[in-house]
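The values are calculated or read from the model by the stated rules, or taken from the named source; none is laboratory data. Please read these numbers as outputs of a predicted model, since none were measured by experiment. Neighbour counts run over all protein chains shown; Cβ positions are idealised from the backbone, glycine included. Just the protein is used for accessible areas: all its heavy atoms, side chains included, with ligands, DNA and RNA removed. Shrake-Rupley method; radii C 1.70, N 1.55, O 1.52, S 1.80 Å.
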Amino acid sequence: MKKILVTGGAGYIGSHTVVELVEAGYEPIIIDNFSNTEERSLQGIADILGREVICHRIDCTDAAALRQVFEQETGIAGVIHFAAYKAVGESVAEPLKYYHNNVGSLVALLQVMEEFKVDKLVFSSSCTVYGIPAELPVTEQTPVQKANSPYGNTKKICEEILTDLATSGSDIHTIALRYFNPIGAHPSAKIGELPLGVPNNLVPFITQTAAGIRQELTIFGDDYDTQDGTCIRDYVHVVDLAKAHVVAIDRLLSGKADNIEFFNVGTGTGNTVLEAVQAFERATGEKLNYKIGPRRPGDVPKIYADVTKATEELGFKTTSTLEEAMKSAWDWQMHLQNTSEQV
Ligand code: UDP
């Protein structure tokens, strides 16, 4: 079985990808510093798979610690790099923390990969690189724009670093996946998103509100130029997104990939915030308490993906509907309620 190193493998998208890698016949090795996840995600992975997955508790910015992992885990065939901070608001308040962690970890990882001649990388990028796009849906040719947060800028800078590396003639081949909005949880409800404190993202806020942990959801603005005035996003089921990483690794290992390639990973469909709320209500039978509030500064009014390139070149396809994703998010919320106290 080919070994794939998964940095941030105990996190939200990472844990789902670890499961899909095993199911596709790979041997994932997790690296995580547990700064934004919990031990229970490893237990959830083990419960789904019926066995444990190796995890090294190190920080990805620590090149010496990375080197030790590469020495110990001989024969790593490729790396999927999820480890990063992801809170937009926090990145505005603490930009250096974001540049150090998100950019620093990529540079350290690439240096160690070169030393150990590991030359296949899947990088977690984001549709945030498109800024406020002039045309929809966005394709991979849509111009990348100035980021509107330090978090977004770290993704843009990391893509530039990877492009420069590819141009330099390095042996490292990279596929950067530009995620749209990942939501939902594994159908087993054993792994899912573990937001720290008050969630920033829509779906965990919805599930916590329906569960009575939050009083009500505030919808940020209903005066946008959309069908019902609320923002449009492309919500992709996290299991579908996880599978995109597996097909990206397949492509890199098959030798078909160029030095650097970019792919949008979404569903190709945009939904408003109100449509997302209604899908949640339909899927779960729960009535959601919500109000309309002011716009959230920095929000992109509407964005959704053209996924033709990922469909044609990666063989990527989504299988879950918005309702199914919402139902899985709710099942995960219920699992959390039953297994711990959440505040
Ligand atoms: N949103 C909202 N209330 C919330 C959280 C999010 O109305 O409490 C909206 C937000 O304005 C955006 C959409 O939900 O239109 C998705 O937001 P999220 O933070 O999940 O993702 P991102 O902004 O990164 O697309």
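Probe of 1.4 angstrom, ligands and nucleic acids ignored: what's the accessible area per residue over segment 67-114, in square angstrom? Display every interim value, and only then the final one.
On the way: 2180 Å² over 48 residues.
That works out to 46 Å² for each residue.
Taking all protein chains as present, what is the carbon and sulfur share of the accessible area of segment 277-343, in % to the nearest whole number, probe 1.4 Å? The nonpolar share, carbon plus sulfur, comes to 49 percent.
Mind putting a number on the dipole of the chain about its Cα centre? Charges go on the C-beta only, +1 for Lys and Arg and -1 for Asp and Glu, and I need it in Debye to the nearest 20.
Details: 29 positive and 45 negative charges, 39 e Å.
Dipole of the chain, to the nearest 20 debye: 180 debye.
Note down the net charge around I30, summing +1 for each Lys or Arg and -1 for each Asp or Glu among other residues with Cβ under 15 Å from its Cβ.
-4
The local environment of A64, defined by Cβ-Cβ distances under 13 Å, has a net charge of -3 under the rule Lys, Arg +1 and Asp, Glu -1. Near L5, once Lys and Arg are set to +1 and Asp and Glu to -1 for all other residues with Cβ below 15 Å from its Cβ, the sum equals -3. With a probe of 1.4 Å, find how much accessible area segment 150-204 has per residue, and write the answer as a whole number in Å². Here the per-residue accessible area is 36 Å². Whole-Hz Karplus values for segment 163-168 come out as 5, 4, 5, 4, 5, 6 Hz, taken residue by residue from phi with 6.51 cos²θ - 1.76 cosθ + 1.60 and θ = phi - 60°; glycine and proline positions read x. Candidates T139, P182, A242 compared by Cα position along the dipole of segment 134-248: farthest toward the positive end lies A242, with charges placed on Cβ. Using a probe of 1.4 Å, the accessible surface attributed to R67 totals some 80 Å² when neighbouring protein chains are kept in position. Measure off, as a whole percent, the carbon and sulfur share of the 1.4 Å-probe accessible area of segment 1-126, all protein chains present. Roughly 50 percent of what the probe reaches on segment 1-126 is carbon or sulfur. Taking a ≥ b ≥ c as the square roots of the eigenvalues of the Cα gyration tensor, an a/c ratio of 1.5 or more together with a/b larger than b/c marks segment 249-291 as prolate.
Helical content alone sets the calculated 222 nm signal of the chain at -11500 deg cm²/dmol, taking -39,500 (n - 2.57) per DSSP H segment of four or more residues and averaging over every residue. In this structure E275 has an accessible area near 50 Å², from a 1.4 Å probe over the protein heavy atoms. Accessible surface for segment 244-343, divided over its residues, is 49 Å² per residue with a 1.4 Å probe. With all protein chains in place and ligands, DNA and RNA left out, the 1.4 Å accessible area ranks F316, F220 as F220, F316, largest first.
Dipole check for segment 271-343: with +1 at the C-beta of Lys and Arg, -1 at the C-beta of Asp and Glu, and the Cα centre as origin, the magnitude is about 320 Debye. log₁₀ I(q)/I(0) of segment 210-313 at q = 0.16, 0.18, 0.21, 0.24 Å⁻¹, via Debye over equal Cα point scatterers, no solvent, to two decimals? Reported log10 I(q)/I(0), two decimals: -0.84, -0.95, -1.11, -1.28. Once the gyration tensor of the Cα atoms in segment 134-197 is diagonalised, the equivalent ellipsoid follows with semi-axes of 28, 18, 14 Å, ordered largest first. With a Förster radius of 25 Å applied to the C-beta separation of D299 and V107, the computed FRET efficiency comes to 0.25. Summary value for segment 1-68: 32 percent relative contact order, contacts being C-alpha pairs under 8 angstrom separated by 6+ residues. Around the amide H of V122, modelled in the peptide plane, lie the amide H atoms of V79, I80, H81, I175, all under 5 Å away and 5 or more residues distant in sequence or on another chain.
For the chain, the longest principal axis of the Cα atoms and the long axis of helix 273-284 meet at an angle of about 90 degrees. Express as a percent, rounded to the nearest 5, the fraction of DSSP beta bridges in the chain (both residues included) that run antiparallel. Of all bridge pairs located within the chain, approximately 5 percent are antiparallel. Angle between the Cα long axis of helix 322-339 and the longest principal axis of the chain, 0 to 90 degrees, nearest 10? Long axis of 322-339 versus the principal axis of the chain: about 80 degrees. Only Lys, Arg, Asp and Glu carry charge here, each on its Cβ (+1 for the first two, -1 for the last two); on that basis segment 138-249 has a dipole of about 360 debye about its Cα centre. D171 contributes about 110 Å² of solvent-accessible surface, heavy atoms of the protein only, 1.4 Å probe.
Across segment 146-156, computed HN-Hα scalar couplings (Karplus, 6.51 cos²θ - 1.76 cosθ + 1.60, θ = phi - 60°) run 4, 6, 9, 8, x, 4, x, 5, 4, 5, 5 Hz from first to last residue, x flagging Gly and Pro. In the chain, the convex hull through the Cα atoms has an average projected area of 16.0 nm², a quarter of its surface area.
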